[in-house]
Amino acid sequence: MKYRAPTSIDEAVELLSAHPGAAVFAGATDLIPQIQGGRPEPSLVVDLKRIPETVRLESENGFWRVGAAIPAAALTAHAGLSAVFPGLVEGAGLIGSDQIQGRATLGGNLCNASPAADSVPPLVALGAEAIIVGPGGERSAPVSEVVIGPGATSLDRAEFITEFRIPSPSRWSSDAYQRFIPRTEMDIAVAGAAARIRVDSDGRCEEAAVVLAAVAPTVVEVSAASGILEGRLIPHDSGRDAFWDELEEAVVSCCNPIDDKRGTAEYRRKVAQVLARRTVVTAARRARETL
């Protein structure tokens with residue numbers, strides 16, 4: 001297995017095009033264990049971390065540009081990002097142990113295509129787009145359309161993600177992410193939920209997005225959430241207001257989970273309901289704090 005670390009997008013695309021058996025190397029926190037577990041060894045690994053576009057982190061023209069190869073530890077340490085997208089930072093901060101955080105990336109977490117990826121639901125809830133490059137040039141795609149199934153993405157051969165473009169939050173909005181795991185840390189989610197809430201000047205919900213992890217073959221958005229929550233004054237706790245029942249029903253209707261050693265399908269549905277409520281409450285509270 002050979003290793004190359006190109007310093008430009010063109011060089012990386014050329015390497016990937018010339019080596020059909022090549023693998024993209026961002027943090028390699030999934031790639032290396034997969035090889036150790038029996039995945040065929042790639043003929044070449046192409047490290048993206050030396051390409052400037054993949055490690056940029058800046059706000060401009062109404063968007064945040066977040067490099068796909070920035071280590072999660074750098075994201076969680078960035079005060080500006082934490083202030084505007086606390087839910088995204090929460091998701092990024094849950095990717096592995098402290099050591100893994102120094103290598104793991106948003107791009108890798110997405111393209112590994114696990115239904116339980118922690119940073120993907122916040123990206124989807126925030127309306128993020130992936131900027132993708134390859135032999136055909138540059139294109140963009142909603143993050144929600146990149147993963148098409150467990151371990152599978154819509155990227156063509158020799159394509160890779162350079163960055164994510166996230167719309168700067170409108171005033172009076174915020175987000176949140178929570179997951180449930182069997183152990184206290186360093187485990188894969190039984191279920192996860194992200195929420196983005198925008199409120200009006202009275203603190204009532206004006207727009208909402210709820211996205212679930214680990215309860216379907218891909219992360220899934222609860223499309224009915226905005227209609228259910230719009231106009232509601234979301235309380236500081238997830239009590240038994242009638243609209244919570246509506247949200248829970250919408251959550252369950254989106255779930256298509258599996259049974260495995262971490263939990264049964266029914267258990268995942270129950271946990272997803274709880275996490276959806278909690279993240280909505282947290283995101284709404286954070287949004288109201290900006291009034």
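Each value in this text was obtained by applying a stated rule to the coordinates, not by laboratory testing. These figures come from a predicted structure and were not determined experimentally. Cβ: placed from backbone, ideal geometry, glycine included. Neighbour counts: every protein chain shown.
Here are the numbers:
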| item | result |
| --- | --- |
| Cβ-based net charge around Ala5, under 13 Å, with every Lys or Arg adding one and every Asp or Glu removing one | +2 |
| The stretch 1-142: proportion of alpha-carbon pairs further apart than 18 angstrom, % | 57 percent |
| Proximal lysines relative to Lys2, as straight alpha-carbon distance under 22 Å, when same-chain residues fewer than 8 apart are discounted | Lys49 |
| Listed residues Ala117, Ala213, Ala225, most fluctuating in the chain (Gaussian network, C-alpha, under 10 Å) | Ala225 |
| 26 Å Cα-Cα reach of Lys261 towards lysines, excluding residues that sit fewer than 8 places from it in its own chain | Lys270 |
| Reference-scaled alpha-carbon Rg (2.2 N^0.38 Å with N residues) for the chain | 1.00 |
| Largest-first ellipsoid semi-axes for the stretch 173-288, taking √(5λ) over the Cα gyration tensor eigenvalues, angstrom | 25, 14, 11 |
| Exposure rule at most 15 other beta-carbon atoms within 10 Å, DSSP loop GluC sites (Glu not before Pro): the chain longest free segment | 1-184 |
| Filtered trypsin sites (Lys or Arg not before Pro), the stretch 181-273: DSSP coil and at most 12 other beta carbons within 10 Å | Arg183, Arg240, Lys261 |
